[in-house]
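What follows draws every value from the coordinates through simple rules; no lab data is involved. This structure is a prediction, so every number in the text was calculated from the model and none was measured. Note that each Cβ is placed from the backbone with ideal geometry, even for glycine, and that neighbours are counted across all protein chains shown.
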Amino acid sequence: MSHIVVIGAGQAGASLVGKLRSEGFEGEVTLLGGEASPPYQRPALSKAYLLGEMERERLFLRPRDWYEKNNINLRTGTRAVSVDAAAQTVTIEGDEVLSYDHLAFTTGSHPRTLPAAIGGELDGVFTVRDLADADALKPEFVAGRRLLVIGGGYIGLEAAAVAAKMGLQVILVEMADRILQRVAAPETSDFFRTLHSSHNVDVREGVGLERLVGADHVTGAVLSDGSEVDVDFAIVGVGIYPATVLAESAGVACDNGIITDGFGRTSDPRIWAAGDCATLDWDGAQIRLESVGNAIDQAEIVAQNMLGAEKVYTPKPWFWSDQYDTKLQIAGLNIGYTNVVTRETGDARSHWYFRDGTLIAVDAMNDPRNYMIGKRLIEAGKSPAPSVIADPDTDMKALLKS
């Protein structure tokens with residue numbers, strides 16, 4: 001194996017090329033990234049970076065010269081335009097052609113946007129997915145300005161929290177019955193609704209966007225309940241979709257992501273995928289895990305398997321979100337949960353998801369101790385009775401030994 005090309009210079013791509021070198025691969029490695037910056041961490045974009053609490057250079061996963069020192073050909077500002085799987089070549093902008101022995105897609109995902117017909121292309125309408133988005137947004141965050149957040153998922157809630165902390169007037173609309181409906185139990189939705197309301201965010205659930213209004217720049221919005229609001233700018237947080245266009249054009253099997261087997265290999269034995277763009281097996285179903293943890297872990301397994309390790313990737317899902325002074329930590333996946341129990345200790349609170357008696361996930365708010373206990377219980381396949389979890393007198397640490 002002489003040349004490995006990795007398309008997508010995000011968390012997964014950076015992790016993959018780093019692991020190739022640490023595993024002793026001495027062949028040529030090329031990492032292609034469409035953005036001008038070297039690989040950087042994205043979660044901070046909608047939190048610390050927007051707040052001005054993190055400088056640009058601190059976002060970078062590694063300094064640019066690290067790639068040079070490790071003989072990794074990092075090509076930023078370089079977009080792949082096509083992949084010829086039969087010829088094993090990648091064509092990049094400018095018609096340059098690279099040959100590969102193995103190829104990895106770590107192309108990530110794209111934010112969903114609003115249709116132009118309802119004002120999605122007006123100036124002052126933003127998404128928060130990459131560094132350019134965050135840089136464009138920063139000047140908008142001025143105390144007293146009016147922000148409309150469309151979507152009550154984690155990105156929308158994090159952006160709302162930043163704006164509220166900076167003194168903006170914030171209205172958040174969620175067309176579903178409750179915020180976080182797709183990803184969390186009503187108990188967690190209730191917690192964060194109360195938290196945002198306490199910071200004067202106007203949370204409107206069961207209310208969608210009819211259209212944004214304005215000549216060239218957004219000046220207002222008409223909502224699905226018939227109400228109208230004046231706004232200075234808007235943030236769209238209505239989900240993401242996997243970046244699979246290149247893979248599809250190369251003939252690689254895709255279905256809501258690039259389909260991979262347990263090793264991270266695609267339908268083409270010389271093409272691999274990892275991170276947000278890739279699906280993986282979870283309880284017999286192909287799902288995507290949109291998280292930093294998965295991007296790192298899956299990419300590192302793919303790197304090892306490219307070198308012949310044949311290691312099956314077993315994901316250990318974990319996620320987090322920072323809103324105001326609350327840190328939410330999530331372990332596991334709550335897919336198909338049948339009941340939830342709550343545990344409270346002072347300001348710490350956690351929600352424990354069970355599926356027919358089996359512990360499958362934990363949401364912990366300012367409760368790192370119980371988050372770690374829950375994570376270890378899930379990974380060990382241990383399921384204490386819900387009544388035991390809910391009992392404030394339970395010695396939680398002792399559950400790990402039972």
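Quick notes on this one:
- In terms of surrounding Cβ atoms within a 10 Å radius of their Cβ, His217, His3 rank from fewest to most as His217, His3.
- Each residue, Ser198 and Asp123, gets one label point 7 Å from its Cα in the Cβ direction; the gap between the two is 4.0 nm.
- Under a model in which nothing but the beta-carbon of Lys, Arg (+1) and Asp, Glu (-1) is charged, the stretch 113-236 shows a dipole of about 260 debye around its Cα centre.
- Helix-only CD estimate at 222 nm, as mean residue ellipticity for the chain, using -39500 (n - 2.57) per DSSP H run (n ≥ 4): -6500 deg cm²/dmol
- Dipole-positive endmost among Gly262, Val236, Thr78 within the chain (Cβ charges, Cα centre): Gly262
- Likely footprinting exposure, Phe126, Phe263, fewest C-beta neighbours within 10 Å first: Phe263, Phe126
- The chain, relative contact order in percent, only Cα pairs under 8 angstrom and at least six apart counted: 14
- A Gaussian network model of the chain, with springs between Cα atoms under 10 Å, assigns the largest mean-square fluctuation among Thr194, Thr30, Thr260 to Thr194.
- With a cut-off of 15 Å between beta carbons, the residues surrounding Ile259 carry a summed charge of -4, where Lys and Arg count +1 and Asp and Glu -1.
- Gyration tensor verdict on the stretch 199-246 (Cα atoms; rounded if a/c is under 1.5, prolate if a/b is larger than b/c, oblate otherwise): prolate
- Backbone N atoms of the stretch 234-275 closer than 11 Å to the 7 Å Cα→Cβ label point of Ser82 belong to residues 250.
- For the stretch 1-103, size of Cβ-based charge dipole, Lys and Arg +1, Asp and Glu -1, in debye: 480
- Summing +1 for each Lys or Arg and -1 for each Asp or Glu among the other residues whose beta-carbon sits under 11 angstrom from that of Leu45 gives +1.
- Positive contributions from Lys and Arg (+1) and negative ones from Asp and Glu (-1), summed over other residues with Cβ under 15 Å from the Cβ of Gln286, come out at -4.
- Placing unit charges on each Cβ (+1 for Lys and Arg, -1 for Asp and Glu) gives the chain a dipole about its Cα centre, and among Leu31, Ala398, Val341 the Cα reaching farthest toward its positive end belongs to Ala398.
- Extension gain from Glu228 to Thr342, taking 0.36 nm per residue of separation minus the Cα-Cα distance: 37.3 nm
- Global form of the stretch 237-324, assessed from the alpha-carbon gyration tensor, a/c cut-off 1.5: oblate
- Largest GNM mean-square fluctuation across Ser189, Ser198, Ser99, computed for the chain with C-alpha springs under 10 Å, falls on Ser198.
- Using Cβ point charges alone (K and R +1, D and E -1), the dipole size of the stretch 286-357 about the Cα centre works out to roughly 180 debye.
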